[in-house]
1. Among the candidates T165, T149, which residue alone is polar (S, T, N, Q), within 19 Å of E275 (Cα to Cα) and part of a helix (DSSP H, G or I)?
2. Could you identify the single residue in G302, G250, G298, G276 that is at positive phi and of a type outside the set (A, V, I, L, M, F, W, C)?
3. Just the residues that are surrounded by fewer than 18 Cβ atoms within 10 Å (Cβ to Cβ), in contact (Cβ under 8 Å) with a residue 40 or more places away in the chain and more than 23 Å from F274 (Cβ to Cβ), please, taken from region 73-100.
4. Scan region 158-192 residue by residue and report those that are open to solvent by 60 Å² or more (accessible area, probe 1.4 Å), without any contact (Cβ under 8 Å) to a residue 60 or more places away in the chain and within 20 Å of L88 (Cα to Cα).
5. Among the listed residues A70, A53, identify the single one that is within 21 Å of T106 (Cα to Cα) and of a type in the set (G, A, S).
6. Considering only residues that are surrounded by fewer than 23 Cβ atoms within 10 Å (Cβ to Cβ) and of a type in the set (K, R), which ones fall in region 109-127?
7. Regarding Q5, is this residue under 27 Å from P172 (Cα atoms), among the polar types (S, T, N, Q) and either outside any helix (DSSP H, G or I) or within 22 Å of the chain's Cα centre (by Cα) (or both)?
8. Can you go through D155, D130, D139 and tell me which one is in contact with a Ser or Thr (Cβ under 8 Å, 6 or more places away or on another chain), surrounded by 19 or more Cβ atoms within 10 Å (Cβ to Cβ) and not aromatic (F, W, Y)?
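The values are calculated or read from the model by the stated rules, or taken from the named source; none is laboratory data. Fair warning: this is a prediction, and the values are worked out from it, not measured in the lab. Here the Cβ is made from the backbone with ideal geometry for all residues, glycine too, and neighbour counts use every protein chain on show. Please note that ligands, DNA and RNA were not included when accessible areas were found on the heavy atoms of the full protein model with its side chains. Shrake-Rupley method; radii C 1.70, N 1.55, O 1.52, S 1.80 Å.
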Amino acid sequence: MPTAQPPTNRVVMILRHFTVGGLERVLLSHARILIDAGYDVAVCVLDPGRDNALVAELPAQVRLFIAPSARLARVSFLSRLVRGTTVLLQFGDGRLYPSLRPALRTARTVVRFCHSDYSHLRTPAKNRLDRALARCSEDRIVAVGGRSTRFLLEDVGVPAGKVSTLTNATEPRAAAAPGPWPWAKDPYLVAVQSLYPHKGHAALLRAFACVVARTSQPARLVIIGDGDQTIPLRLLADQLGITDRLVWLGAVWNKDLVDSALAGAHGFVSMSRFEGVPISILEARQHGLPLLLTDIPGHRDGAGTSPVRFVPVDDTEAFADGALALLAADHPFGGRQSDAQQLTREWDTYRAGFLAIVDTACGHPRTGPHEQDALHA
């Protein structure tokens with residue numbers, strides 16, 4: 001664990017790559033919160049490969065760095081970059097990156113964010129390594145959502161005194177108008193997720209094929225996201241005979257475009273098998289969208305007070321029933337109510353809790369009761 005150093009206003013956030021995903025949208029929110037609070041913020045990307053488009057939305061005040069790929073050069077570079085700073089580790093893949101840890105010894109404080117329940121990716125040996133790293137190279141771990149807390153405490157065995165819990169929230173934003181695209185004239189459902197196996201897109205396509213077989217409506221499924229399953233999913237759509245009913249928007253990184261797609265939808269859908277608290281669900285709630293989700297803890301945590309129907313994982317028939325009900329509802333644009341007040345309260349609590357953690361890590365904690373309540377929520 002890094003030794004105590006003088007207070008700092010410098011924060012370095014380290015992540016693997018700046019892909020188009022929920023974790024990166026969370027990091028953008030963190031950057032804006034810290035800039036507004038007067039912090040000097042840097043972001044270091046370890047893998048500047050493909051799908052880094054969302055990095056363009058980083059505030060101009062944030063300094064951006066790319067770490068060298070060679071191990072010794074990377075350790076030397078990071079050691080200089082983080083010296084005397086507070087480091088926020090923002091890894092969203094469950095990996096631990098032990099080779100980076102020697103470089104973090106020069107930091108004032110190291111805080112790791114655990115963004116999901118990674119039990120499906122872990123072995124007992126990896127959990128033992130996680131426990132050891134938490135003990136010797138991390139000052140605090142922030143669990144994003146109650147399920148992440150359970151994972152850290154029960155699966156990994158991190159001491160409870162090292163863990164703070166924050167439930168994901170999303171920044172309030174103005175209402176958007178539906179997009180002008182020709183396909184948006186048809187009733188459609190929208191899914192916003194990276195295309196990885198655990199997100200359940202194969203089951204989603206099979207469920208939507210059931211929808212197509214059971215309705216005469218020109219219904220569509222709009223898929224926002226990209227990943228290693230894109231080609232297999234396109235081939236599956238061809239096999240199911242629904243290719244002409246799908247709209248693949250790919251890794252759309254501009255939030256105004258995503259908001260327009262959400263604004264015109266009849267509902268938001270997800271057949272994911274594992275989640276933390278998905279930012280995409282919170283964004284859908286801002287538009288008042290009804291939700292059709294698999295019954296997993298992260299979805300239940302994220303659904304809030306929005307109208308929602310939960311279905312068992314991989315139950316395509318139950319999902320089709322829910323999708324048909326959404327598509328049969330009146331045109332969604334008029335009179336749709338967002339739970340904006342609840343979302344604003346959630347955001348205020350999240351922002352205060354996040355700042356309380358960072359302020360404490362940097363050596364100048366806030367003492368107001370609201371910040372302390374948020375920190376211990």
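1. Values: T165 fails: part of a helix (DSSP H, G or I).
Unique residue meeting the criteria: T149.
2. Numbers: G302 fails: at positive phi; G298 fails: at positive phi; G276 fails: at positive phi.
Checking each option against the conditions leaves just G250.
3. Once the filter is applied, which keeps residues that are surrounded by fewer than 18 Cβ atoms within 10 Å (Cβ to Cβ), in contact (Cβ under 8 Å) with a residue 40 or more places away in the chain and more than 23 Å from F274 (Cβ to Cβ), region 73-100 yields only G84.
4. Within region 158-192, P159, A160, G161 meet the criteria.
5. A70
6. Selection gives R122, K126.
7. No, not satisfied.
8. Testing whether each residue is in contact with a Ser or Thr (Cβ under 8 Å, 6 or more places away or on another chain), surrounded by 19 or more Cβ atoms within 10 Å (Cβ to Cβ) and not aromatic (F, W, Y) leaves just D139.
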